[in-house]
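Structure, as structure tokens:
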Amino acid sequence: MPVQFQIVLFAVIAAFVLFQLYNVLGKKVGRQPEDDVRAQPKSVLAAPDAAQKVPAVDPHTLSAIQGLKARDPAFDPVRFLDGARQAHETIVRGYASGDREALKPLLAPAVMESFEAGIAAREARGETAVADFVHPPRADLEVATVEGDKALARVRFLAELRQTLTAPDREDVVEDRRTAEVWTFQRPLGANDPNWVLARVEPASA
């Protein structure tokens, strides 16, 4: 077989082999990175299709807030109760520890005066106290209304507390107790400051 013909034949065979290899190796075999991207669900960080639902207000609460809603349509009982629970915990802990700076913006002047007297008496005895909540307090809005130019809201709190009392002449005293109280919050209607203050504390049935 002439040499030139052999060279041409080998070239044709080589071209055919290369073509077959391309058909196999040139194809995407198995899962590809872009396939994973396409297969992934939408990001969990994507904006939801609908606005987040606001918790429903029960009929009892709706009835209790009618007096305030008539004068302050923007009053939100769910948001108010969240703030009232936080205020309750801060005030209880602040009174126990004698933190006057934490208490002052949360209390009406008459309540602050009463709390100040209790703190001063404890300090005079050389006692210190720490209050912790065994469970988050329960808060129920009894009524939200208007008296004169003030908005008033009465909240019934049920709480389980653990108080540790320390004195220089005896061992620490740890007391677990349940409390049931009605706290009355108030704020001026139409004021620039929307914050409520504690105006009264009364015992309640458990």
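The values are calculated or read from the model by the stated rules, or taken from the named source; none is laboratory data. All values derive from a computational prediction rather than experimental measurement. Cβ atoms come from the backbone with ideal geometry, glycine included; neighbour counts cover every protein chain shown. We work out accessible area using only protein heavy atoms, side chains counted, and drop any ligands, DNA or RNA first. Shrake-Rupley method; radii C 1.70, N 1.55, O 1.52, S 1.80 Å.
Restricting the stretch 117-135 to residues that are charged (D, E, K, R) and open to solvent by less than 60 Å² (accessible area, probe 1.4 Å), the residue that is farthest from PHE157 (Cα to Cα) is GLU127. Exactly one residue out of ALA199, ALA167 is surrounded by 15 or more Cβ atoms within 10 Å (Cβ to Cβ) and more than 23 Å from the chain's Cα centre (by Cα): that is ALA199. Specify the residue that is surrounded by the fewest Cβ atoms within 10 Å (Cβ to Cβ); the eligible residues are those in the stretch 64-105 that are in contact (Cβ under 8 Å) with a residue 24 or more places away in the chain, under 22 Å from THR164 (Cβ atoms) and out of contact with any helix residue (DSSP H, G or I) (no Cβ under 7 Å at 6 or more places or on another chain). Ranking the qualifying residues of the stretch 64-105, first place goes to SER97. Residue pairs whose Cβ atoms lie under 7 Å apart, separated by 6 or more positions or on different chains, with the first residue in the stretch 135-151 and of a type in the set (S, T, N, Q) and the second open to solvent by less than 90 Å² (accessible area, probe 1.4 Å), are THR145/GLY67; THR145/LEU68; THR145/LEU152. The residues on offer are VAL146, VAL111, and the sole one that is surrounded by 11 or more Cβ atoms within 10 Å (Cβ to Cβ), touching a Leu at 6+ places or on another chain (Cβ under 7 Å) and over 22 Å from ALA64 (Cβ atoms) is VAL111.
Could you please tell me which pairs satisfy a Cβ distance under 9 Å, a separation of 6+ or placement on different chains, a first residue in the stretch 106-120 that is under 19 Å from PRO194 (Cβ atoms), and a second residue that is acidic (Asp, Glu)? Taking only residues 6 or more apart or on different chains, the pairs are LEU107/GLU113.
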